[in-house]
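The values are calculated or read from the model by the stated rules, or taken from the named source; none is laboratory data. In this text the structure is predicted, and so the values were computed from the model without any measurement. Glycine gets a Cβ as well: all are built from the backbone with ideal geometry, and neighbour counts include every protein chain shown.
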Number of protein chains: 2
Amino acid sequence: MKKKERHQLLRKLVQQDVIRKQEDFVDKLHERGIEVTQATISRDIKELQLVKVPAQDGGYRYNLPPEMNYDISKKLSRLMRDAFVSIDTQREFVLIRTLPGNAFALGSLIETAKYSEMFGCVSGDDTVLVICRDEESAERFQRRIISFI
Amino acid sequence: MKKKERHQLLRKLVQQDVIRKQEDFVDKLHERGIEVTQATISRDIKELQLVKVPAQDGGYRYNLPPEMNYDISKKLSRLMRDAFVSIDTQREFVLIRTLPGNAFALGSLIETAKYSEMFGCVSGDDTVLVICRDEESAERFQRRIISFI
DNA sequence: AGGTCGTCAGTATATTTATACAGTTTATAC
DNA sequence: GTATAAACTGTATAAATATACTGACGACCT
């Protein structure tokens, strides 16, 4: 296992799992049979510029570098302008319709952005369903998404 | 000194000074005659969702929450579209020209965004001069700025 | 072969950060 | 007023993170 590969993996992990502390990374890697220590993770985090963000649930979680988020934000903006059709809320659900074939990409971006209002997200061909934490979150989320257009 | 005020101050400090660790906050507040301990700062940071970002210089610095940066990025984008006139580099300097009266606002935004390429920044009425770390940074910085248009 | 340089990672530890607990103040109800 | 609860902070310490130091490994020489 080379450093480069590990870095790749860390980026992936930080996006798909909730990493609260560096030991979580160590554990995840151990699960995959990769031996590393917290010290190495600390150095990796420094190189990758991952950040520990205080989360809305009172905990903490590691995240991609803020700069990357610019990119995500930009991509989201571009995609929304290109493929957005409509958005609607119903209780804690937000339904976003896109031009056919674009929903999956949009869903991925939304997932990566990890909005705090969001609880989960499924996407089909022209529809993204976002499940928020509650009704209020759903409205806030809708406003956010609209602001990208 | 109420918590609210302190939070305001922390936001200001984190933007205008380089805060490497929580003790730096404590020191800055002491300088202003405000008594606080690291524990309080830790809790404040959690509430304000400030993040400790690995910096390009090998150190660390605290920053505004990534979400806020979206805003800054958006504002920058809007202002650039509205007021941008031209941009040019010369060695490690980048000169941005804007419509009269807009340079100061643009400079402030650029300062807030704290681009790693940037060393310093002065703004007049229709001109922002950005001093980068070196020639390469200057070019990278120019590309970045252009991408906002 | 041996020698030198550079990268990388572990161990041990220093440094930094988070928090349990307790005390104080401030708001709210009675 | 007094009682009770909630918000806030410091102290002490636990927990988490960063790093000095060291050794291992490989690349590239002579």
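Consider residue B:77 against the criteria (1) crowded, with 17+ Cβ neighbours inside 10 Å; (2) touching a strand residue (DSSP E or B) at 6+ places or on another chain (Cβ under 9 Å); (3) in contact (Cβ under 8 Å) with a residue 60 or more places away in the chain: it satisfies all of them except one. Which criterion is unmet?
Exception for residue B:77: condition (2).
Which one is nearest to DNA strand D (Cβ to nearest atom), of the residues in region B:19-36 that are farther than 20 Å from residue B:4 by Cβ and surrounded by 15 or more Cβ atoms within 10 Å (Cβ to Cβ)?
B:21
Do we have any residue at all in region A:31-49 that's at positive phi and in contact with a Pro (Cβ under 9 Å, 6 or more places away or on another chain)?
So far as region A:31-49 goes, yes, one or more of its residues are at positive phi and in contact with a Pro (Cβ under 9 Å, 6 or more places away or on another chain).
Mind checking whether some residue in region A:93-108 is within 16 Å of DNA strand C (Cβ to nearest atom) and more than 14 Å from chain B (Cβ to nearest Cβ)?
no
Suppose the filter is modelled with pLDDT of 90 or more, more than 9 Å from chain A (Cβ to nearest Cβ) and more than 16 Å from DNA strand C (Cβ to nearest atom); does residue B:87 pass it?
Here the answer is yes, as residue B:87 does meet what is asked.
Tell me whether region B:59-72 contains one or more residues that are touching a Lys or Arg at 6+ places or on another chain (Cβ under 6 Å) and away from DNA strand C (no atom under 11 Å from the Cβ).
The answer is no; no qualifying residue exists.
Step by step: first the residues of region A:37-53, then only those that are surrounded by fewer than 18 Cβ atoms within 10 Å (Cβ to Cβ) and more than 9 Å from DNA strand D (Cβ to nearest atom), then the one that is nearest to the other protein chains (Cβ to nearest Cβ). Which residue is that?
Looking at residues that are surrounded by fewer than 18 Cβ atoms within 10 Å (Cβ to Cβ) and more than 9 Å from DNA strand D (Cβ to nearest atom), I get A:49.
Determine the pairs where a residue that is small (Gly, Ala, Ser), located within region A:45-57, has a partner that is surrounded by 14 or more Cβ atoms within 10 Å (Cβ to Cβ) with Cβ atoms under 7 Å apart, the partner being 6 or more residues away or on another chain.
From region A:45-57, the pairs are A:55/A:61.
So which residues in region A:116-128 are surrounded by fewer than 16 Cβ atoms within 10 Å (Cβ to Cβ) and closer than 11 Å to residue A:104 by Cα, if there are any at all?
A:122, A:124, A:125
I'm trying to understand the selection: among the residues of region B:92-114, which are surrounded by fewer than 17 Cβ atoms within 10 Å (Cβ to Cβ) and touching a Gly at 6+ places or on another chain (Cβ under 7 Å)?
Once the filter is applied, which keeps residues that are surrounded by fewer than 17 Cβ atoms within 10 Å (Cβ to Cβ) and touching a Gly at 6+ places or on another chain (Cβ under 7 Å), region B:92-114 yields nothing.
Residue by residue, here is whether (1) of a type in the set (Gly, Ala, Ser); (2) touching a strand residue (DSSP E or B) at 6+ places or on another chain (Cβ under 8 Å) holds:
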{"position": "B:28", "(1), (2)": "no, no"}
{"position": "B:33", "(1), (2)": "yes, no"}
{"position": "B:36", "(1), (2)": "no, no"}
{"position": "B:39", "(1), (2)": "yes, no"}
{"position": "B:43", "(1), (2)": "no, no"}
{"position": "B:47", "(1), (2)": "no, yes"}
{"position": "B:57", "(1), (2)": "no, no"}
{"position": "B:67", "(1), (2)": "no, no"}
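Looking only at region A:12-36, count how many residues are over 28 Å from residue B:44 (Cα atoms) and within 14 Å of chain B (Cβ to nearest Cβ).
Residues that pass the stated criteria total 0.
In region A:91-125, what residues are charged (D, E, K, R) and within 13 Å of residue A:79 (Cα to Cα)?
Selection gives A:97 alone.
Tell me which residues, restricted to region A:111-149, are away from every other protein chain (no Cβ under 13 Å), of a type in the set (Gly, Ala, Ser) and not in a helix (DSSP H, G or I).
The answer is A:120, A:123, A:124.
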